[in-house]
Amino acid sequence: MLLFFTGARIVCLGRTLKTLEEGHSVLMYEAFQRFSGEFPPGTDKNLIILGNQRTDLPRYRPDGTIGLWGLADALFRAQLLPKYHHGMRQAWNHPTRNLPKVQQALYQRLLKAITTSNPALACERFGQALHTLQDTYTIGHTERENNADPFSPMMRLHYSPSQAHPFISPKDTVWADIQKNRLTPEAEAAILATLAAFDLWCKHWPASREEAQPEMTAFVQRYTPIRGQVFSPQ
């Protein structure tokens, strides 16, 4: 989970204690800048980004801040609750047998977003789905055959803290250089997958469950495949 890569400002009594490094918001801003399509009326980019960030920090505020209680709540969730919607597992979960649960988490989030007619709620849910998608390209979360290939099969899930993913993992950064001028190949793959999700949104939101299911199923199979398996939604 990119808990420390949300760009949130941790505040207490009106004072900023620390500003966390940006991660998902960088991917989102870059994807929005690159996208050449036209979003349907009612699409709120800020709410999509907010939904993305709240996947890590549920108490993240629209003004970019979070209190100490909100941070503690996020840390609690990260260590004790299932993490398949982050492309991760807990230490007691099997690293390979649970890969389909990541697919199911992405599918359910996409389906919920696409079939929600309320624009504000739909946008926030879409951001949550994008967070799950983007996390599967993070090396410390989901090990693919090639994390820099947006279509590469998933192979193994990691947990935190571990050797593969320390509590604050440098592998979570989206930047390839200290100057923050170049994105990592894995971040580029996440952006390409995000652009494809934008296309999905523009073509199908809002849709009925019956209309959306085949499209969401095909998207999950294409961008979070498991070698030798065909995705089947539950």
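The values are calculated or read from the model by the stated rules, or taken from the named source; none is laboratory data. If you're wondering where the values come from, they're calculated on a predicted model, not measured in any experiment. Reconstructed Cβ throughout: ideal geometry from the backbone, glycine too, with neighbour counts over all protein chains shown. Each accessible area value is taken on the protein alone, full model and side chains, heavy atoms only, with ligands, DNA and RNA left out. Shrake-Rupley method; radii C 1.70, N 1.55, O 1.52, S 1.80 Å.
Scanning the stretch 145-177 for residues that are small (Gly, Ala, Ser) and either touching a helix residue (DSSP H, G or I) at 6+ places or on another chain (Cβ under 9 Å) or open to solvent by 20 Å² or more (accessible area, probe 1.4 Å) (or both) returns 148, 152, 160, 162, 164, 176. The set of residues in the stretch 178-217 that are open to solvent by 60 Å² or more (accessible area, probe 1.4 Å) and hydrophobic (A, V, I, L, M, F, W, C) comprises 178, 192.
Identification of helices (runs of 4 or more DSSP H) wholly contained in the stretch 108-227 with 1 or more residues that are within 25 Å of residue 33 (Cβ to Cβ) and touching a Ser or Thr at 6+ places or on another chain (Cβ under 7 Å) yields 119-135, 185-204.
Contact annotation: residue pairs with Cβ atoms under 6 Å, 6 or more positions apart or on different chains, pairing a residue in the stretch 46-67 that is closer than 22 Å to residue 197 by Cα and in contact (Cβ under 8 Å) with a residue 60 or more places away in the chain with a partner that is open to solvent by less than 10 Å² (accessible area, probe 1.4 Å) and aromatic (Phe, Trp, Tyr), are 48/126.
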